[in-house]
Amino acid sequence: MVWLAARNRQIDTENAFRVGPLIAAVEARGQSVVKLNFGEPDFPLPVDIREAIKAALDAGATRYCDPQGTLSLRTAIAEHAGCRRGFEIDPACVVVFPGGKPAIGLSQQVYCDPGDEVIYPSPGFPIYESFIRYVGAVPVPLHLNAETGFSVDPDALEALITPRTRMVFLNFPSNPTGGVASRAHLEALAAVIEAKCGPDVRVFSDEIYEDILFDGAEHASIASLPSLRSRTVIASGFSKTFAWTGGRVGYAILPNAEEAACFRQLNINYFSCVPAYNQAAAEVALQAPAVWEAVAAMTRTFEGRRDTVLAALDSVPGMHAETPGGAFYVFPEISGVCDALDLVGYHAALPEPLRAATAPASLFQLFALDVHGVAVLDRRAFGKIGSEGMAFLRLSIAASDAELLEGVARLRNAATDREGLNRFLDAGKWQAMV
Ligand code: PLP
């Protein structure tokens, strides 16, 4: 066993990446897999962005640049994000990162001392929970319920706030639930935060799905509320809106230039800068009308797929999904499936390390992949602490209608294949997949 610092045991992962090798193993056996596990738009990069990357490369933008992000991109982000949220943003408050993800862990490093408490939605993007203990802080999950449309209940939030609360993570539209927040809802959350938190508590508002909204909804940001402006870190990025996950461009807008400078300092320490040619193209992405037409077309397609998947899931006994208002995921509750397959009893009888590392829905997820060839993620992939007894799956709808229908058909087969499940569990091979 190699020697590793203790904090390595405190960090978790994003399971969407972890299932990759499991999928490869199934495919290596010659079996097809419908992949509904990854949060990556299945659309081509808009042409103007592609051309802008090439032009920037040809122009020699291949060297170190400003660790905070080029002034030109920060100015474009400040204009775009400020215009959308209805207030002026100083480019000195903008910091560019390699994707939307780094802002999460870096902000926990910037704001939290050991023992500070971090409130975050669960189910939620797994990196919120993953990093908290790594920085010595205390995770405080705010559990969201399907019955209330996975909204963040102001009373539930209020009950979790203590004098040690240092950060509150919010994410609308949400991964994995697709939940969105109206301005009135954000006002109710803001009232709680204002009343119960000191001015130094930071709200991390992850708005990376801000452009992928359905049913004519418009994005609402908690930073637009004057009382929250000086306490909010707005986080967003280019991966989802522009189907550009490989570009690794994201950003945060800090409440003031002093806090932005702390992030700049961490950027210098960790990675120096984000490639300048991608930053040049990101600026084009924000400004080119044709790019926004592509974004609108992609969003309409996601909305149609959402409806297709919801209708198909109706035919799966024991699964029920709320209607997501944005992002590109459907998150059905599957406790009926786990009961019908007696997975709850099987799970309860497992020896401790295996029981702690799984849930009934995890066993179903592994079975659905290994035997029925459909890759999805289970509830535990979106926050483990306190998730016992909760059974959900996340289906990414970043796949064609045909793939989605085939994927749901495979889930239906898995949900009714008691014999196949028993063989799979008895063989014990699944234990190496956990
Ligand atoms: N925040 C949320 C809520 C996400 O779902 C994701 C990606 O899935 C990210 C942040 C990170 O995005 P990026 O790929 O730009 O790092």
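Every read-out reported here was derived from the displayed coordinates using simple, explicitly stated rules and does not represent laboratory data. As the structure is a computational prediction, the values presented were derived from the model and not from experiment. Here Cβ is always computed from backbone atoms with ideal geometry, including for glycine, and neighbour counts include all displayed protein chains.
Go through the stretch 242-264 and count every residue that is near the ligand (Cβ under 10 Å from one of its atoms) and under 17 Å from Ala294 (Cβ atoms).
5
Is the stretch 382-395 home to any residue that is assigned to a helix (DSSP H, G or I) and buried (at least 18 other Cβ atoms within 10 Å of the Cβ)?
yes
Report, by residue number, each residue of the stretch 85-101 that is within 16 Å of the ligand (Cβ to nearest atom) and surrounded by fewer than 24 Cβ atoms within 10 Å (Cβ to Cβ).
Pro98, Gly99, Lys101
Could you check the stretch 18-64 and list, in sequence order, the residues that are part of a helix (DSSP H, G or I) and either polar (S, T, N, Q) or under 18 Å from Leu395 (Cβ atoms) (or both)?
Arg18, Val19, Gly20, Leu22, Ile23, Val26
How many residues are of a type in the set (Val, Ile, Thr) and either surrounded by fewer than 22 Cβ atoms within 10 Å (Cβ to Cβ) or away from the ligand (no atom under 16 Å from the Cβ) (or both) when one looks only at the stretch 105-118?
Residues meeting the conditions: 1.
On the phi > 0 side of the Ramachandran plot and more than 16 Å from the ligand (Cβ to nearest atom): which single residue out of Gly82, Gly149 fits that description?
One residue alone meets the criteria, Gly149.
Take the conditions more than 16 Å from the ligand (Cβ to nearest atom) and closer than 29 Å to Arg300 by Cα and apply them to Arg63. Does it pass?
No, not satisfied.
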